[in-house]
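I have placed the structure first, in the form of structure tokens, so that the comments after it can refer back to it.
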Amino acid sequence: MKLKSRYLSKVKLTLISRSIVLSIVPSIIRSLAVLSLSLLLTACFNESADNGDSFHASSGMGQLLDGNTQGYSPVLPGKQLSFPADHQAHDDFRQEWWYLTANLTTQNGEQLGLQWTQFRIALAPPSPTQTQFTSDWQTEQLYMSHTAMTSKQQHLAAEKWTRGNAHFAGTQVSPLRIQQDDWKWQSHNEQLFPATLSANATEFSYQLQLDSQAPFQLQGDNGYSRKNATGTVASYYYSQPFIKVSGTVERDGETLKVSGNAWLDREWSSQFLSKTQQGWDWFALRLDDGSALMLFQLRENGEKQQAFYSGRRMYPDGCGQQINSEQITMIATAWQQTESGRYPVAWNIAIPSQSIELSTQALNANASMPLSIPYWEGPVSISGSHSGLGYMELTGY
Amino acid sequence: MSSSSNNASGFGLTVGLSLAVFARHYLKSPLQAGAILLGIILAVTLLIGVRATNENAVRSYSEATELLSQRAQLLLTPATGKKSIDEAVYFALRRAGVTQALAVLNGTVTDKQGQRWDIQASDLVAALSIQSEKAAGSSKAHASNQNTEQSVSLLSAEIPLAKLLAGAPYVLTSQSFADDAASTGKMTLNGMTLNVIALDDSIGLGNAILMDISLGQQLLNRQGQLSYIALFGQADGLTQQVNDTFAQQTSQHFDFAEQDQGEGLTSLTRSFHLNLTAMSLLAFVVGLFIAYNGVRYSLLKRQKLLVQLQQQGVPQRALLSALLIELFSLVLVGSFAGFILGLQLSHWLQPMIALTLEQLYGARLMPGLWQWSWLYQAIGLTFFAASLACYPLFNTLAKQPLARSASRYEQQSQAKKQHKKLFIIALFLLTGSALLFPLTDNFQYSLGLLGVVTIAIPLLLPLVLQIGISLVERFTRNGLWRYAVAESKELIAPLSLAMMAMLLALTANISMNTLVGSFEITLKHWLDDRLYADLYIRPPSDKVLQTQALLAELPKVTAIYGQWMHSSRYQKAPVSLMTRDAHSLRNSNQVKAQTDTHWQTFFNGDSLMISEPMAIKYRLNVGDSISLPEFEQAGLTALPISAIFYDYGNPLGQVIVSQKNWRQLQLPIQPTSIAASYAENISELEAILQQRVPLSAAQMYNQTKIKQRALEIFKRTFSITLVLNSLTLLVAAIGLFSACLMLTQARQAPLARLYALGVSRNQLRGLVSGQMLLIVLFTCLLALPTGALLGYLLINKVTLQAFGWSIAMVWDWQAYFRVLVIAIIASAIAVILPLLWQTRKPLISSLQQEAL
């Protein structure tokens, strides 16, 4: 009875010719750079930065990020963020992320940097069909996570993609969980802290206990973070720069006890992008006076355009000060050629209004991320008016 | 020192000069060079064409990847006795960190015309992200290799990810498939209209219809089910991880199946590919015959020239080197042209192969690649074979006495001796293989012996022609016709090589025709016996009971039959375990061998039946006992085989047990398919079932429809063989044509002499055609027994051993006469064309032509 069941479709000849490579990689790189760019726009904007050519990638993630925003929820000023509800995913917005960077010390005194990011990308605006989904597999949410571990000698990075689905990736209310497969932020209750963050990559894994007593820092105007002067592009955005970390890290078959500090950024929007920037240099620094400094520069596409700077000085009691562009000076002092590009890995930073005069030094100058996007992300130390540790992200090189 | 270098340069110079002379010779008579090149080109074309096709198929098996993903190392398959895996297993694995995993659901759907299509649904996000990891990994390892394979990414604009993940009706296919099967960009499967997204063929979707699992489960109505889970990475580590996840309780949920490197499919299809290879070697040999013939003829024409060169002081060694260099250049040019044509040929062959492989073995072919090494190998092989064949010729020519003028008679008697020698060698080879054939039961050795027989057959020809024509000569009256026949004898030597090639092609063609024809008749008989019911129904599993109940209700239904089928494994290869109702068991199988008490022990549940291919593959006989994993699971002991039945429709082995055993094995009690006989017109029953169950037309097959389909598929399966065969015959016909052309040209002088003596043009034409016809007829006559012999061996040795099919040999006179007519037409054209050209030339120019 085999014969009757085998039916044959017509087959066309396939040419014996070498397939022409249509490299899609560059467009992904470009488009993912856009994602990271918006990722960087964690601080509030005070100045307009939308002259010149648009930075829209033509396909892939660019479409996901730059496409039609119709049907998605807009980001509006005056909205009161509420916790713990806003720790959850906001599926009616196009993009969202949970972004943690940590400066750790092992039991042997070795310095270690750790990054964990879970991105959510909506593939379609919320629609009536969504409510008719009959299968767990049907979804309009796509998740991507990155994690990296950086020591002086090593920089290991991993990436994963999963569909948004109760079984694979997403958030859970009680107890709060932000999860993609076996990489997850698992809280003890509905609040973000205390929590356990665990991830297993091929080359390393970790389980970290996270706790924080400090209030969340609402960025921009009470959590409404403008991305340009006119406010046509904005996001909802809050941070927690003061997180205590302890836990274990497995690397090369060895389990290490670690402790240190971490920084969490939460941001969601339907449109981050309205820009002419080529890339950015971003710092999250904890100063030895107990304050934290978030600082970035957005580099413009042409030589003529002036780069745009912004920052915020934050304190554990919840208060903070915005730092405007004209108050900030940043100068790259050393460059490093890595696998994915040439990056400025050392900087001099001056903010006279805050009496800050720093130089930064990367723990590992080769901390470029060899993932779908090439960017540089790794732990740094500071010296000068203040000392301390933090994280730096460099994109668009 | 200086004298030796002088010698060397002098040697080089003379070789160069000789080559220049040869080149002028070929420029003067391009036909000779053309004949040699033609032979080489044809030989290499077929060799490369089949080589490319075969290698591509084998590569496809070993590199088979999950669609749009990479190659899996471990598969989790449904637990024994189950049809699917619960998707919860996949969820649990991912949560436990086994994320290099891919959930897959396969199934069959039908379109509006009732045609069945296999579809595959997978977790596309997992598939694509695993693929891009592989791409990233390999680009680091060897960036240059990246250029050959194209991949598609999660974020490629061509993939409508939002639609796919939302379970919208979108499917992915290759561009070629879409052009063929869905030219409108839509397909309607299982009543759902699907949008077809065509991806470049190089992505490797082949003939698959791929979709996201969210849509697949809906379309197949298999919510929550998976066909298998593919795991990527180290098989040992993965097994460990999976075992940990399920606390060692895996066997409740699934079985492990380690992925081989395509060995399974390669061994399953080995006989098929070997047959193709044999065919291509045959064509190669035929091509070489033609080339050899060309070389010989051109040397014959240069005999005088070579002597002159030697008289001018060209040393023998230089002459020999020049001849070898000339041969090598011809081989080089011919092989290169053949290589290019061969690749083109494989373009045409591949779709045919793909059809066969997909139908018979479920193997997917990837877009073809080719390698330069094939060209080098082809050049090497051709040059080796050609120099082996030509060296003795060169040698005798180069060493011939400077002042020699061999008499006609001497040449003739030498040829006769040669013919006798060949005949004796042929007899020796034939006797040897006749002795060895009964000893082998491995089809590869049989094929080797078949090769020996194939070589021996043409060696018989010259002497047979000699004797045959001598016999005819005796019965011819004196005069022109006697002369014609006597002269024919002289033609044997120059023509024998072309005739040998022709004989080989004829023999192969006749034998293949016999095989295919016999198989078709056997298959028809088998189908007649096998298909006893009027209507065969394969309802979806949730409608089986309903269908059965309805059939039982209808008064005009005279009988209801059932078949139960289950996929099992025997010695790691998949086999079908099945049973039928008692009546079907008794009547639907043509039994090949059985014990005396077969039916009794079988129905008592004390024995089982296996199919002939399985019996032959595993060398099982009636009386042997076998066991399957299901037996062990149910605590049953191995059962003896009490009968072996014929099976021509299935590449997998089949094991049939009684209903009693089936229940003991605790296999599903719902039949997989139902058959019914009906007192009235069968379309009436089809209509009733369509209305009242309801079943779709595609789920029912009436007897005629199945037979039609089966024979259609059969014909397609053998189309590749027949095409290759016809190509070989064509090659031989071209060879014969070129040989006749050369011969007729060479005979211009004697023919002109005859004309000058008063023989009319018409008589001359009759004379030449008659001679040629005589030779061709004798060749065809010899092809009759040799074709039958080869056919017998193909059927009773090779096919039986390779596929496990016994076939009753049926001689097809019609096919025989068909090839005979082709041979005669080819030679007729080959004789008449040059004759016509010649008769237009002035007599004197013909008379002045050199005698043969």
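The values are calculated or read from the model by the stated rules, or taken from the named source; none is laboratory data. Remember, predicted model here, so these are calculated numbers, not experimental data. Reconstructed Cβ throughout: ideal geometry from the backbone, glycine too, with neighbour counts over all protein chains shown.
With respect to the conditions (1) surrounded by fewer than 22 Cβ atoms within 10 Å (Cβ to Cβ); (2) at pLDDT 85 or above, B:Pro651 falls short on a single one, namely (2). Listed by first and then second residue, the pairs linking a residue in segment B:532-557 that is within 18 Å of B:Asn221 (Cβ to Cβ) to a residue that is assigned to a loop (DSSP other than H, G, I, E, B), with Cβ atoms under 6 Å apart and 6 or more places separating them unless they lie on different chains, are B:Pro539/B:Leu695; B:Lys543/B:Val693; B:Val544/B:Gln670; B:Gln546/B:Val693; B:Thr547/B:Pro539; B:Thr547/B:Val693. Does B:Ser433 satisfy the criteria of being crowded, with 17+ Cβ neighbours inside 10 Å, touching a residue at least 12 places away in the same chain (Cβ under 8 Å), of a type in the set (Ser, Thr, Tyr) and in contact with a Phe, Trp or Tyr (Cβ under 8 Å, 6 or more places away or on another chain)? So B:Ser433 fails the test. Restricting B:Ala679, B:Ala643 to those that are over 21 Å from B:Leu523 (Cα atoms), in the same structural domain as B:Leu551 (by TED's automatic domain parsing) and among the small types (Gly, Ala, Ser) reduces the list to B:Ala679.
None of B:Gly791, B:Gly735 is under 19 Å from the mean Cα position of the chain (by Cα) and under 30 Å from B:Leu430 (Cβ atoms) except B:Gly791.
Considering only residues that are under 16 Å from A:Trp280 (Cβ atoms) and buried (at least 17 other Cβ atoms within 10 Å of the Cβ), which ones fall in segment A:330-339? Can you show your working first?
The first filter runs over segment A:330-339 and keeps only residues under 16 Å from A:Trp280 (Cβ atoms), leaving A:330-332.
Correct list: A:Met330 only.
Selection of segment A:137-168 for residues being more than 17 Å from the chain's Cα centre (by Cα) and more than 8 Å from chain B (Cβ to nearest Cβ) yields A:Gln141, A:Ser151, A:Lys152, A:Gln153, A:Gln154, A:His155, A:Gly164, A:Asn165, A:Ala166. Here A:Leu371 passes the criteria (1) under 18 Å from A:Lys152 (Cα atoms); (2) surrounded by 15 or more Cβ atoms within 10 Å (Cβ to Cβ) except the one numbered (1). Considering the conditions (1) without any contact (Cβ under 8 Å) to a residue 40 or more places away in the chain; (2) more than 19 Å from the chain's Cα centre (by Cα), A:Thr202 is excluded by exactly one of them, (1).
Table: residues versus (1) part of a loop (DSSP other than H, G, I, E, B); (2) touching a Cys at 6+ places or on another chain (Cβ under 9 Å); (3) free of Cβ contacts under 8 Å to residues at least 12 places away in the same chain.
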| site | (1), (2), (3) |
| --- | --- |
| B:Leu450 | no, no, no |
| B:Ile457 | no, no, no |
| B:Pro462 | no, no, no |
| B:Gln466 | no, no, no |
| B:Ile469 | no, no, no |
| B:Glu473 | no, no, no |
| B:Arg477 | yes, no, yes |
| B:Arg482 | no, no, yes |
| B:Ser488 | no, no, no |
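Residue by residue, here is whether (1) closer than 23 Å to B:Glu473 by Cα; (2) polar (S, T, N, Q); (3) in the same structural domain as B:Gly338 (by TED's automatic domain parsing); (4) not in a helix (DSSP H, G or I) holds:
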| site | (1), (2), (3), (4) |
| --- | --- |
| B:Lys715 | no, no, no, no |
| B:Leu730 | no, no, no, no |
| B:Phe737 | no, no, no, no |
| B:Thr744 | yes, yes, no, no |
| B:Ala749 | no, no, no, no |
| B:Leu773 | yes, no, no, no |
| B:Val776 | yes, no, no, no |
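The set of residues in segment A:205-218 being part of a strand (DSSP E or B) and surrounded by 20 or more Cβ atoms within 10 Å (Cβ to Cβ) consists of A:Ser205, A:Tyr206, A:Leu208, A:Leu210, A:Gln217. For residues that are surrounded by fewer than 21 Cβ atoms within 10 Å (Cβ to Cβ) and not polar (S, T, N, Q), scanning just segment B:320-329, find the one that is nearest to the chain's Cα centre (by Cα). Checking each candidate, the answer is B:Phe328.
The residue that is nearest to B:Gln115 (Cα to Cα), among those in segment B:160-181 that are in a helix (DSSP H, G or I) and small (Gly, Ala, Ser), is B:Ala181. Checking each residue of segment B:156-175 against the condition of being more than 7 Å from every other protein chain (Cβ to nearest Cβ), charged (D, E, K, R) and over 25 Å from B:Lys112 (Cβ atoms) gives at least one match. The set of residues in segment B:583-607 being loosely packed, with under 15 Cβ neighbours inside 10 Å and in a helix (DSSP H, G or I) consists of B:His583, B:Arg586, B:Asn587, B:Gln600. Picking from residues in segment B:74-99 that are part of a loop (DSSP other than H, G, I, E, B) and either more than 9 Å from chain A (Cβ to nearest Cβ) or hydrophobic (A, V, I, L, M, F, W, C) (or both), the one that is nearest to B:Gln666 (Cα to Cα) is B:Gly81.
Given the criteria away from chain A (no Cβ under 14 Å) and either outside any helix (DSSP H, G or I) or more than 30 Å from B:Ala732 (Cβ to Cβ) (or both), does B:Ile560 qualify? Lay out the reasoning, then the answer.
Numbers: away from chain A (no Cβ under 14 Å): yes; either outside any helix (DSSP H, G or I) or more than 30 Å from B:Ala732 (Cβ to Cβ) (or both): yes.
In short, yes.
Out of B:Ile492, B:Ile424, report the one residue that is without any contact (Cβ under 8 Å) to a residue 60 or more places away in the chain and among the β-branched types (Val, Ile, Thr).
Of B:Ile492, B:Ile424, the one residue that is without any contact (Cβ under 8 Å) to a residue 60 or more places away in the chain and among the β-branched types (Val, Ile, Thr) is B:Ile424.
Taking the conditions (1) farther than 26 Å from B:Phe289 by Cβ; (2) under 35 Å from the mean Cα position of the chain (by Cα); (3) of a type in the set (Ser, Thr, Tyr) in turn, B:Thr514 satisfies each one other than (1). For segment B:535-553, the tally of residues that are touching a strand residue (DSSP E or B) at 6+ places or on another chain (Cβ under 8 Å), more than 14 Å from chain A (Cβ to nearest Cβ) and at pLDDT 85 or above stands at 4.
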